[in-house]
Structures are given as C-alpha cells and as structure tokens.
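Notes follow once the structure below has been shown.
The values are calculated or read from the model by the stated rules, or taken from the named source; none is laboratory data. Computed from a predicted model, the values in this text were never measured in an experiment. Please note: Cβ atoms are built from the backbone with ideal geometry, for glycine as well, and neighbour counts cover all protein chains shown. Just the protein is used for accessible areas: all its heavy atoms, side chains included, with ligands, DNA and RNA removed. Shrake-Rupley method; radii C 1.70, N 1.55, O 1.52, S 1.80 Å.
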Amino acid sequence: MNDTQGTPPEPAGVPAMLVPTGAASSVGYPAGGRLAYSEDIGDNAPPFQFNLLEYWRIINKRKWIILGIAGGFVVLGLLWILMTTPYYTSTVRLQIDRNVAKIVEGSAVTPVEGSDREFLHTQYELVRSRALAERVASALKLGNDADFLSPKGFGLSRVLGFLRSKNDSKADLERAAAGVIIANRTVRPVRGSRLVDVSYSDPNPARAQRIASAYADAFIASNLDKRFQANAYAKTFLEDQIKQLKLRLEKSEKVLLDFAQREQIVAVTEKSSIAESNLAAAYATLGTLASDRIKNEQLWRQLETASIINLPQLLSNSVIEGLRGRRGKLVTEYQERLETFKPSYPAMIQINNRIREIDRQLATEVKTIKASYKAAYEASLSQEDEMKKRIKTLKAEALDLQSRSIQYNILKREVATNRSLYEGLLQRYKEVDVAGGAGTNNVFVIDKAQVPGAPSSPRKGRALFLSLALGLGLGLGAAFLLERFDDTVKSVEEIEQLTGLAILGIIPKVDEDQTVEAELADPRSALSEAYRSLCTSLQFSTDSGLPKTLLVTSAGTSEGKSITSVAIAMHFARLGQHVLLVDADLRNASLHEKLGCNNTIGLTNYLTGSCSPPDTLQATTVPTLAFMASGPLPPNAAELLGSSRLLSLLSVGLEVFDLIVIDSSPVMGLADAALLSNATAATVFVVAHGQARIGLVRGTLRQLQIARAPVIGAILTKYDTRTAGYGYGYGYGYGYGYGYGYGYGYGYGRDQTHGEAVMREERQPQLTEGNKTG
C-alpha cells in the first residue's frame, strides 16, 4: 500500500505525526529518522573468534557435561585398576660392543655392519626376535608351566586360553610360551650409549627375574653360537681352498722351471737377468769414460789455443816453473847491467843468449805438455767409442732376452701369486683353528636382574590421572563441539558484530524460583535496574531525545519483547509522562494477560472502523499509563496494520500521550512488524540470549532493512551471567551501572524514585472516562 511508504498525508484536523527529523545521528539516522542501512548489514561481520574469556564462557556453560564425561572416565579407570592383574617387572642391562676382544689377531670371521647405528639397531632387533624368545622358553621349560600359559585378565586372550586344546604338542606349547614372553618383554635402548635394558613383566616377581636373566644368557649364548658356526664354516672352506692352491702352486713352479731350462734364462736376482746386469754395468762405464773424455778435451783445447804461459796446467808444472824462475833472474840482471853496459857488450850478449835458450826450453816443454793432453784426449775418445760399440751389442742381447722372457715372467708371476695365496690361506686357517676354541663375546651383563619388590602395573595414580585427563579432554571437546554447532546468540559482542546495532540494554535472566512480575515489582531487583538502564539509553538514543512512537519487536517468539514493552511503558509512566501501550501482536496477543485487562475490544476494532480510539483504551495500575489491547484476532492482520487508520491513530494519540509504545509480533515470516516499524519513529530489536539463532536474526534485519525500518538499537534479554562468562553484572548502591561500557547511571535510589513517582501521580491528571472520549 502507498500508505506504508514514506510520510502519510495528514488527516483532516489531526496534527502531523511526530517523527524526529535528523534524529539519532549517533546511531546513523539520516534526515527523516530512518536508519541508514548498509547493503551488507550482518553479512560481513567478523568471523567468530575464540579468546580466553570465550573459552571460560563455554566451559562455564557446559561444565556439567565436562564434569560428567570426566567423572565417567575416572570411574572406568578405577574399574580397570581393580580388575587388572598386578604385574612385576624385572630389568637386566646389557652392554653391546661393536668389536670383540680378539684372542688371535684377525680371528673375527662374522660380518660387521657399516656403522655403529646400523650395528646397534641390528642387535636390538635380534634381542626382539622370536627365535630368542623361543630359546628362553626352551631353556626355562616354560611350555610345561601351566600357570605361565594361563591367560591373565578378562580379555580375548583369556577366552582363547580356555578354548586351547589340552593335547597340544611340546612344540606348540613352547611357541605359545614364546608368544607370552614377547607380549610381556620390553627392549629399551639407552640413548647415546651401547647399553640396552631388557625388561620382563609377570604376575610372579620371581619368575619375572628368572626370565629377564635367562634373556641375557640366551642372547650371549646366541652370539657365541653364531661365532662358532661362522668359524667352523670358515675352517671347512679354507681347507678346501688350501688344497686347490697347493696343487696349482706345484704345477706353476714346474712349468716355470721347464721354460727357463729350455730358453737358457738365468736370473741372478729376483729382478734382473745377466744380460740386463751387463748392460747396466756398461752404461755406468760409458758414463765415466764420457766424463773423462770431455775433461781431457777441454784441457787440450785450452792449451792448443794458448799463446802465453798463463794456464793453471802450465803454471803448476815444476819444470816450467824452474825455467821461468831462471829467466826472471836473467832478465833482472840484464836490466841492472843495462844501466852500465850497452847491449852490444859481450857480457850483455851472453845474458841475452841465455834468456833466449830458456825461452826455447819453455816452448819445447809447453809443446810436450800439449802433446800429452792431446794424447790423453784421443785415448779417452777411443775408449768411449769402444764402450758404445759394447753397449750396442749388450742392448741387442738384452732386447733379445726380454723378448724371450715375456712368457717366463708370466709364469714367474703366476708362481708368486699362487705362493702368496697359499701362504695367506694357510695362515688364516691356523688362526681360525685356534680362534674356534676361544669363546670371544661382545655382549656383557652390566646390571643383573633383581626380584622386584613392588608391582610395576597398573600404576594407580598414573591410570587415574590419564583417565581424568582423557575425560576432561573429551568433555572439553564435546563442549566446544556443541558450542560450535550452537548457532544461537551468545554474547553482546556477537550481537554487535552480527547486527551492527548499538546495545541499548542488557536484561538479565530471571531465576526459575522467581517470576518476572515479582522482579519488576521490586525496584531494587536486577531486572528492574536493567530496564531502568534501558530506558535511560532510550532517552539518549536520538538527537531529539526519547522517540515519541516506539516499536518493540524481535526475530522469534518468546524473546521477551512483550515484557520489555510493558517495562518501558511503566517506567516512563511512573516518571509522570502520559504513555500509551498498544498490543499490536494480532497473531498471539498477551499484554492483556500481563496487565490484567480484557481483550474484548481493542486495536482490531479501531482498525476495522467499528469504534473510535477512546473506546479501546483501558486504565492500568499506573495512572498515567493507558493500554490498548489487540482486540479479537483477525484473519487479515497485515491488511489491517497496513491501512491509514494506524497512522491516524498514532497522530491523534500523540496529541494526548507523550509516548506510544507498540508491542508487535515477530518479524520472520510475517509482514506485521515491517508495517508497524515503517509507521513508528523508532524500532528496538529484542534478541534473547542463548535462544535467538544467528541466521534468523540476520534474516530479520534484512527484512527490516527492506522495509526501511528506523532501528535504533538492540536489547539483549534473558542474559545468563553464570554461563556467559563476561563481566556484566548489576550492583546496588547510590548509583547504578553495568559493565558493558556505556556508562549510563541512574541517579536515584528506591526511596527517591518512589517519592518522585508519588508526587508526579498527584500532579498529573488521571485517565478517566472523560479524557478517554475527549
């Protein structure tokens, strides 16, 4: 209908409806009083995030589920402890060395793993092997121990034990005993060492000690057996190989000897023959001769080209040295006499002749020396040439010998190889033969197994703690899972994130042993304080103060909107304002029952035109509060609420009343609330804590958005502080406040409130039949 959109035309003689223009800027009102909706309201709210307070809220809310599951697991753990057979554990500690103490050098014939890690891991797996368990069972004859083979506890093994045949063979019984040993045996390597702890648990402490000790003995014996077997196999293998090599060695030596006799090869050493020795000696002699020839040649060349006696080989000659001395004396004498006598003097001539004679003798002597050096050079050259010819002959003989010695050397190497293999195998055989009788071992017992004095299982404290921890873990998991699947509104922050609206008030949940009426009647109750705080927030919700027409609606039923409407109307009526409370829930009217009024005539009668507004008004216990019931429930509620008569009712009502509070039906699935919100100045949205579903609230707001409803805020009702886990609470004193952070205070106590209300009642006109009609 056109009447539901925008501002309706003014009826004749009726003032315009008081819709606040530009109001509530603090909550997003544009001009005209309508809320500026966002297209994605409620859709882009931040995802649900957990924090410590949220954890505590969930735990406090689901505490009985958590405690119930934890208690059940503790009881189950206690029953398990009482029904479990106690076991005693005995432990033996072994040291496993990588290398055994060698009695004979090179006596180890067993393979060794590539690293310590691989070696120790192999040893641990050998300790865990079934073969070792069977060896222990056989050594202790556990197959014949009926008590050992009897099942313990109440599990499946006990049932299978009763079904076991009494005629089992000895091998079957030993295999069964080995299975029991494996089930109760534990092998724990000591980190960072070559130590390993082998533990065995058994109901009999003495038997546990006996089996643990037998495990260590069996492992040591198993290692010794393995080494004896390896030595025996090696001895047999070496005997066969020695016989074969002996025959091969004899054959190869015979073939070598025959070939040497046939080819006339004589070896003077292990590495060379006669021809090779002669050739080596010849090369050595040739080197010496070449050195002498070079030396003599150099001396001769120097003397041959020398013109004066200044060479060392001439100066060192005694004859030349004597002649040079005599000549020097004569020259000195000649020079001395030359000062007195002339050169033609006979004595001077005689001296000069003697000098020339000495010079001739020196020349003859030098010539003789040169001839001797030349002869020495020629002799050295001749010897060198002869040696070269000799070397050429020896080289030819050596090459011929080498060509004939190829096969000889092959046979010789074969003989050496066979001899080396034979000697090595023979030595190894002797070592293995001696080592076979020596009990070398690399496993040692460090700590012997002791008889346990107390049971190792079940550990009562540990079992109860684990039961409690598991129960608490599952309980917490169940609580958080239930909370995860719980899509109801659980906190104030969630409402703000979901709706984008301000929280006008938080209404606490009434205890089961109390009634809402009794709590509202008590001005000091938490419910009364909460509604007074809500009304205070409404006075500051718009720029113009308290809206003149106020619609109270919710997403679903039973969320507290009717009680909220009554509380708001009564509060402002007690403050002296003329308030009209209208029950516009034409689907399931309930305000007349809460106020103790009749529902024979009301809103539907006026909307259908069968009566005027004063005929529908009823007096209440509060003098300034009038009530209009819903009247008979119509089949076409939406059509009646969409008519122009509703707007006329509000316009006329504001001439008489200061505030009109309308209680409507829920929004979802119905058009009633949307039509009413479009006709009122403001709408408050009621959300029940732990009851309203998130999807329903989001859809409701979307529907109100489409209707352009002026929603000014939300009210959280039925708030349970015991399960919420947040710091919201209500206290009493001179002032009032709650911890959400709005900071609104109500500045009077009970007596002051009651006194002012009485005074206001005396000053205000009473609602009588006269003013009803006027």
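Checked against (1) of a type outside the set (F, W, Y); (2) open to solvent by 90 Å² or more (accessible area, probe 1.4 Å); (3) in contact with a Pro (Cβ under 8 Å, 6 or more places away or on another chain), E386 passes all but a single condition, namely (3). Against the test of being part of a helix (DSSP H, G or I) and farther than 19 Å from K594 by Cβ, the options A478, A518, A530 yield a single qualifying residue, A478.
Being touching a strand residue (DSSP E or B) at 6+ places or on another chain (Cβ under 9 Å) and among the charged types (D, E, K, R) is the filter; apply it to region 620-676 and report the residue that is surrounded by the fewest Cβ atoms within 10 Å (Cβ to Cβ). It comes out as D658. Taken over region 262-314, the criterion of being surrounded by fewer than 17 Cβ atoms within 10 Å (Cβ to Cβ), modelled with pLDDT under 70 and among the polar types (S, T, N, Q) is satisfied by Q264, T269, S272, Q302, T305, S307, N310, Q313. Take S201 and tell me if it is modelled with pLDDT of 85 or more, in a loop (DSSP other than H, G, I, E, B) and more than 30 Å from Q427 (Cα to Cα). For S201, the condition - modelled with pLDDT of 85 or more, in a loop (DSSP other than H, G, I, E, B) and more than 30 Å from Q427 (Cα to Cα) - is not met.
Taking helices (runs of 4 or more DSSP H) as the structural unit, those lying wholly within region 587-687 and holding at least 2 residues that are modelled with pLDDT under 85, within 30 Å of R698 (Cβ to Cβ) and under 60 Å from the mean Cα position of the chain (by Cα) correspond to 672-679. In region 707-731, the residue that is modelled with the lowest pLDDT out of those that are farther than 24 Å from S565 by Cα and surrounded by fewer than 21 Cβ atoms within 10 Å (Cβ to Cβ) is G727.
The set of residues in region 533-542 that are in contact with a Gly (Cβ under 7 Å, 6 or more places away or on another chain) and either surrounded by fewer than 15 Cβ atoms within 10 Å (Cβ to Cβ) or part of a helix (DSSP H, G or I) (or both) comprises S533, L534, S537, Q539.
Every residue, every condition in (1) modelled with pLDDT under 80; (2) under 54 Å from the mean Cα position of the chain (by Cα); (3) not β-branched (V, I, T), yes or no:
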{"residue": "D487", "(1), (2), (3)": "yes, yes, yes"}
{"residue": "S491", "(1), (2), (3)": "yes, yes, yes"}
{"residue": "E494", "(1), (2), (3)": "yes, yes, yes"}
{"residue": "Q497", "(1), (2), (3)": "yes, yes, yes"}
{"residue": "A502", "(1), (2), (3)": "no, yes, yes"}
{"residue": "I506", "(1), (2), (3)": "no, yes, no"}
{"residue": "D511", "(1), (2), (3)": "yes, yes, yes"}
{"residue": "E519", "(1), (2), (3)": "no, no, yes"}
{"residue": "D522", "(1), (2), (3)": "no, no, yes"}
